[in-house]
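Just below is one structure, and these are the notes that go with it.
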């Protein structure tokens, strides 16, 4: 036979030991009985509770709420649930509780049976939940604001970029137009200077004509660089025309012309290897001119500047070496970029900072590359390595 179920505690034990506050009142709120947990929560003895009206234990706000809300509800619908009330502890502080109540009619009269629950943990949870919600809302608001700001910044950046592109293109076009228009008068000045220098002139006149010739040649180089720069920037690149040439002879002629342009420098030409190369002679001379001008501007002119032309099996190399200040590592990494200079030294051979950039672009147009090395022992060497293009040979 099944075992008998264990006997439950008697009513008194259940009432007194219930895990919530239990109160029985008359219909007017007079307390007839309160269990031990409720008495503990508000700090009153049984004798102090019995006969007192429950609403008298409430704060003033709670009493008003009792009169206007939950007491009428008890009479009308016979029950209330989860009514939040503030009761006054005997020590004077407030104790917040949740009230569930029913109205019951017995032969002896109408009674209110009330159950009250502490809200300390619930309030803490609600506060934490509310704080978490506010934090989430704040984060969401920040995220929304950040996304709006990012979209606005992107739109502004796009607009600024488009404006800068238009301005850059306009500036490059203006540079190209101005440079092109300046070539003719400079050519005329150079020709006139050459003609005047052939006649009998005084020493002072000869010096002045030499200065004019050097200045016009320097301006011509600057204009040529600006034109090339404009072509590169608008996407056309530097054009070349390949023809078989004697590399050493072409560079030798260029060095002879540069000796006249830079009389203060000691220029030496060394050649290695033999043969012809399919290169653009004018562009090769431009490489030499730009590298020599750079060496004159930054090198120590107490030492010679050496221009070397070298032919190997598949490569032609043009290099220019000078002594002087060592180029810093951080500068070398961007030395071939436009508008970059190795120092801030003022000099009458200074350019607009495009010489090395043009050298790199000419080398690229030939399928080659540029390099630079600089140290206190060996000096500074700029070189352009250009691959040799094999020309098809005809029958015979």
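The values are calculated or read from the model by the stated rules, or taken from the named source; none is laboratory data. Nothing here was measured: the structure is a model prediction, and the numbers come from that model. All Cβ positions, glycine included, derive from the backbone under ideal geometry; neighbour counts span all protein chains shown.
Any chance the stretch 273-284 includes a residue that's modelled with pLDDT under 90 and under 40 Å from the mean Cα position of the chain (by Cα)? Yes, there is a match, as at least one residue in the stretch 273-284 is modelled with pLDDT under 90 and under 40 Å from the mean Cα position of the chain (by Cα). Yes or no: residue 161 out of contact with any helix residue (DSSP H, G or I) (no Cβ under 6 Å at 6 or more places or on another chain) and modelled with pLDDT of 75 or more? Judged against the criteria, residue 161 is a match. Looking across the stretch 11-33, the residues that are on the phi < 0 side of the Ramachandran plot and either assigned to a strand (DSSP E or B) or touching a helix residue (DSSP H, G or I) at 6+ places or on another chain (Cβ under 6 Å) (or both) come down to 16, 21, 22, 23, 24, 25, 26, 30, 31, 32, 33.
You will find that of 117, 65, the residue that is touching a residue at least 24 places away in the same chain (Cβ under 8 Å) and either farther than 18 Å from residue 25 by Cα or surrounded by 12 or more Cβ atoms within 10 Å (Cβ to Cβ) (or both) is 117 and no other. Determine if the stretch 222-244 includes at least one residue that is at pLDDT 75 or above and within 12 Å of residue 307 (Cβ to Cβ). No, the stretch 222-244 contains no residue that is at pLDDT 75 or above and within 12 Å of residue 307 (Cβ to Cβ). When residue 201 is tested against (1) part of a helix (DSSP H, G or I); (2) surrounded by 13 or more Cβ atoms within 10 Å (Cβ to Cβ); (3) at pLDDT below 75, only condition (1) is not met.
Could you check how many residues of the stretch 320-358 are surrounded by 20 or more Cβ atoms within 10 Å (Cβ to Cβ) and modelled with pLDDT of 90 or more? The qualifying residues number 3. The residue list 57, 99 contains one member that is under 60 Å from the mean Cα position of the chain (by Cα) and either within 16 Å of residue 114 (Cα to Cα) or at pLDDT 90 or above (or both), which is 99.
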